[in-house]
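A.B. asks: What follows is a structure written as structure tokens; I'll ask about it next.
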Amino acid sequence: METVLSGIRPTGNLHIGNYFGAVKNFLKLQENYNSYFFIADFHSLTTHPTPADLHNNVKYVLAEYLACGLDPEKATLYVQSDVPEIPEMYLLMNMNAYIGELERTTTFKDKIRKQPDNVNAGLLTYPVLMATDILIHRAKYVPVGKDQEQNLEMARKFGKRFNHMYNVDLFPEPTAFNFGEQLVKVPGLDGSGKMGKSEGNAVYLIDEPKVIEKKVMRAVTDSGPTQMNQEKPEAIQNLFTIMNIVSEKGTHDFFNEKYNNCEIRYGDMKKQLAKDIIAFTSPLREQILEIAADDAYLHKVVTMGAEKARESASKTLKEVRKAVGFRRF
Ligand code: ADP
Ligand code: TRP
């Protein structure tokens, strides 16, 4: 069975963009692949979260994934820092990663712009750690968004370089994966762009119904169409796109027709959209809260995940150590 792996940094709660863009994919993957999903808490240290925030974020991301249906019996669900084989292999991989190539990555350049007062070495070697995450399970497919393509390119490069340098055939080439389907982009509620944690335009799975209503009712609209079948401006199209993803097809088509006939009342559409989002998120929200309060269950899940992840990681690390020449006396 082929191996699929993906990770997420614990930087905040999951929103409906994460769900329909990424989590939904993972749910399908766990059925048919040898799958690994992990919480990249080492990676999140590059932004210096407080210890309390870090712990809380790890806990919620874990509870949210479980509430969405990620099954720890089917997939290996683990916390990155529970697997000490990862930092050891990362150290070894760092020896064959060059400053020049790391400095040239767009994500590093982006970070320098975004956090000029905290350009730490962890940021520079972020792609090495990410490559290690992937290579340590010899994963072939990595379901990620477009923004991660360059990091994946680096993972291929480091894997190939290692194979070549030590004359081994240890690492397969990992590729980005999307079922051959178009990637879903869930737009935000602020008129343009994608829904994102850092954009301040997201509806979170954990949001209370009242909060969701408020967010949706405040979404950007215009004064309405003036001509039949008029093309929709971006802000309006975004509302329809979200409705298309969350609501029944008939609901979307009903409001679409109203729009095309210049009879649309955005207030009605938003009320319906809020209702449909709440119908989707409410059961998840209850599950998230229940799971997050169940420390014994979370403990069981991460312990089991760490055990499975370490079993696979230690096999690779053993080969890596042998390849570089660490031998017992
Ligand atoms: P955010 O943009 O909220 O910070 P992350 O960068 O942590 O989210 O992304 C986590 C996963 O969710 C990635 O696989 C990413 O591609 C996906 N994702 C994030 N936002 C969206 C969106 N608006 N539409 C579709 N997928 C998304
Ligand atoms: N860099 C990814 C992100 O920001 C998170 C991540 C870390 C990851 N290691 C990974 C994703 C390995 C896939 C595979 O979203």
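A.B. asks: What whole-number value in cubic angstrom gives the convex hull volume per residue for the C-alpha atoms of the range 209-289?
C.D. replies: 83 Å³
A.B. asks: Of the residues GLY193, GLY145, GLY100, which exhibits the maximal mean-square fluctuation in a Gaussian network model of the chain defined by a 10 Å Cα contact cut-off?
C.D. replies: Greatest mean-square fluctuation among the candidates belongs to GLY100.
A.B. asks: Taking GluC sites (Glu not before Pro) that fall in a DSSP loop and have at most 13 other Cβ atoms within 10 Å as cut points, what is the longest piece of the chain between them?
C.D. replies: That would be 74-180.
A.B. asks: Quick check for me: using +1 on Lys/Arg Cβ and -1 on Asp/Glu Cβ, what's the dipole size of the range 209-289 about its Cα centre, in debye to the nearest 20?
C.D. replies: Rounded to the nearest 20 debye, it is 400 debye.
A.B. asks: While we're on this one: Below 8 Å between Cα atoms, with a sequence gap of 6+, how large is the relative contact order for the chain in percent?
C.D. replies: Relative contact order here is 23 percent.
A.B. asks: For ASN229 and LYS157, what is the calculated FRET efficiency with R₀ set at 41 Å and r taken between the beta-carbons, to the nearest 0.05?
C.D. replies: The pair ASN229/LYS157 has a calculated efficiency of 0.25.
A.B. asks: Under the rule of at least 5 residues apart or a separate chain, name every residue whose amide H is placed under 5 Å from the amide H of HIS15.
C.D. replies: So HIS15 has HN proximity to LEU205.
A.B. asks: Another question, then. Suppose only helical runs count, i.e. DSSP H with n ≥ 4. What mean residue ellipticity at 222 nm does that imply for the chain under -39500 (n - 2.57) per run, divided by all residues and rounded to the nearest 500 deg cm²/dmol?
C.D. replies: After summing the helix terms and dividing by residue count, I get -17000 deg cm²/dmol.
A.B. asks: Next question, about the same structure. Looking only at the chain, where both bridge partners belong to it, what percent of the DSSP beta bridges are antiparallel (to the nearest 5)?
C.D. replies: Beta bridges within the chain, antiparallel portion: roughly 15 percent.
A.B. asks: On to the next question. Rank TYR36, TYR141, TYR297 by mean-square fluctuation in a GNM of the chain with C-alpha springs under 10 angstrom and give only the top-ranked residue.
C.D. replies: TYR297
A.B. asks: Work out which trypsin sites (Lys or Arg not before Pro) in the chain are exposed loop sites (DSSP not H, G, I, E or B, at most 13 other Cβ within 10 Å) and give the longest gap free of them.
C.D. replies: The segment 105-217 is the longest one with no such site.
A.B. asks: Right, another one. Toward the positive end of the charge dipole of the chain, about the Cα centre and with charges on Cβ (Lys, Arg +1; Asp, Glu -1), which of GLN148, PRO84, ASN94 goes farthest?
C.D. replies: ASN94
A.B. asks: Considering Cα pairs under 8 angstrom that are at least six residues apart, work out the relative contact order of the range 83-185 and quote it in whole percent.
C.D. replies: 28 percent
A.B. asks: Still on this structure, I have one more. Filter the chymotrypsin sites (Phe, Trp or Tyr not before Pro) in the range 37-103 to those in DSSP coil with at most 10 other Cβ atoms within 10 Å of their Cβ, and list the result.
C.D. replies: Hits after loop and neighbour filter: TYR98.
A.B. asks: Ok, one more. Send over the per residue convex hull volume for the chain, Cα only, as a whole number of Å³.
C.D. replies: Value for the chain: 158 Å³ per residue.
Bear in mind these aren't lab numbers, they're just calculated from the coordinates by the rules spelled out. Predicted model only: the values in this text are computed from it and were never measured. Cβ atoms come from the backbone with ideal geometry, glycine included; neighbour counts cover every protein chain shown.
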